[in-house]
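Before any comments, here is the structure.
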Amino acid sequence: MSRFTLAAVALAGLASGVLGADLKTCGQTQYDPAQYVCHENQFLCPITAGEPLSNCAGACYSKFMYSCTDNVLALLPATSIPFTLTADNPGLPIHGKPVTASDFHWTINGETKSYCPDQVGDSCPKGDKTIIAAGGGGISMNVMVPGGQLAFLDPYWNIGYTQAHSANIPSGSVTTGFAALEGGGLINLNGAGWGWGACPPRASGGGGPAWNLVAKNATNAEKYAECLPINLKINSVASGTIGAWQYT
Ligand SMILES: *[C@@H]1O[C@H](CO)[C@@H](O)[C@H](O)[C@H]1NC(C)=O
């Protein structure tokens with residue numbers, strides 16, 4: 001997710017060459033095409049979360065976070081309209097599958113669970129899609145229920161959200177430090193850029209096809225070792241679109 005300097009990347013490319021994989025050459029340097037991409041036969045960039053990083057005048061960058069104009073990198077602008085999220089890593093079976101709100105946390109490729117009170121009836125949105133809003137470093141569920149539903153990193157760094165009519169957030173949760181970037185991704189700026197992980201369902205769990213979503217960091221990386229790196233791609237919906245009366 002973060003920027004890599006050319007020197008560091010070139011060294012890593014050389015190091016991986018020692019393993020003797022099916023190597024290619026980029027200028028004078030040998031590299032493993034499963035791990036790197038070569039730009040203009042001179043710049044090597046790593047592939048992270050299945051994304052071959054792009055090249056901006058020798059600096060590697062993720063298109064989920066930056067754009068490159070006239071050889072200058074710029075952070076993508078913050079989005080001001082609601083969005084859905086999809087998991088992005090072309091190497092995984094959940095590539096392109098939606099983030100789904102269910103039982104007060106976010107999963108991938110699950111079912112969106114929502115509720116509409118009888119007295120609201122026909123004015124309720126369908127509630128079958130998980131729509132999110134972002135602003136001021138925070139994220140929330142894009143709902144009609146008065147008071148809204150805030151989303152946050154829970155103490156395990158899953159993404160949770162508050163119940164309707166409740167401001168209760170587990171202690172130790174993190175409610176800020178998110179960037180929702182237009183034409184890019186939802187970025188977790190907490191935890192020094194370890195990015196998102198998608199944890200495959202456990203065979204014994206009986207939980208259906210949903211994968212769990214976690215935010216990785218230096219402390220939990222080992223615990224979440226089986227969780228595979230993904231980007232969370234922002235798919236804007238029409239401004240003013242509400243996802244549900246409330247998510248459950
Ligand atoms: C990393 O995540 C864990 C939860 O999985 C949390 O307890 C810990 O405080 C986080 N570490 C940092 C440095 O934020």
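Computed from the coordinates by the stated procedures, all read-outs in this text should not be read as laboratory data. No experiment lies behind these values; they were computed from the predicted model shown. Note that we place each Cβ from the backbone using ideal geometry, even for glycine, and neighbour counts take in every protein chain shown.
Here are a few things to note about the model shown:
- Counted charge near residue 184, where neighbours are those whose Cβ lies closer than 13 Å (Asp, Glu -1; Lys, Arg +1): -1
- Here's the picture: charge each Lys and Arg Cβ at +1 and each Asp and Glu Cβ at -1 in the chain, and of 46, 221, 76 the one pushed furthest to the positive end of that dipole is 221.
- The chain, dipole about Cα centre (Lys/Arg Cβ +1, Asp/Glu Cβ -1), debye to the nearest 20: 120
- For the chain, the alpha-carbon radius of gyration amounts to 1.11 times the rule-of-thumb value 2.2 N^0.38 Å expected for a compact globular protein.
- Residue 217 long-range amide H proximity, modeled H, under 5 Å: none
- Residue (of 132, 169, 104) at the positive-pole extreme of the chain, dipole from beta-carbon charges: 169
- Between 0 and 90 degrees, the angle of helix 6-17 with respect to the longest Cα principal axis of the chain falls at about 80 degrees.
- Residue-by-residue Karplus 3J(HN,Hα) for region 235-246, coefficients 6.51, -1.76, 1.60, Hz, glycine and proline x: 10, 5, 10, 4, 3, x, 5, 9, x, 7, 5, 7
- At R0 = 35 Å, FRET efficiency that the Cβ-Cβ distance of residue 237 and residue 71 yields, to 0.05: 0.55
- Each label point was placed 7 Å from the Cα along the Cα-to-Cβ direction; for residue 165 and residue 126 their separation is 2.8 nm.
- Debye equation applied to the C-alpha atoms of region 116-171, log10 I(q)/I(0) at 0.15, 0.29 Å⁻¹: -0.49, -1.29
- Region 103-112 - phi-based ³J(HN,Hα) in whole Hz, Karplus 6.51/-1.76/1.60, Gly and Pro as x: 6, 6, 8, 8, 10, 10, 6, x, 10, 6
- For region 133-143, the Karplus equation 6.51 cos²θ - 1.76 cosθ + 1.60, evaluated at θ = phi - 60°, returns couplings of 10, 9, x, x, x, x, 9, 8, 6, 8, 10 Hz by residue, with Gly and Pro reported as x.
- For residue 233, a cut-off of 22 angstrom between C-alpha atoms picks up these lysines, skipping any fewer than 8 places away in its own chain: 63, 97, 113, 129, 216.
- Contact order normalised by residue count of region 83-247, Cα under 8 Å, 6+ apart, percent: 30
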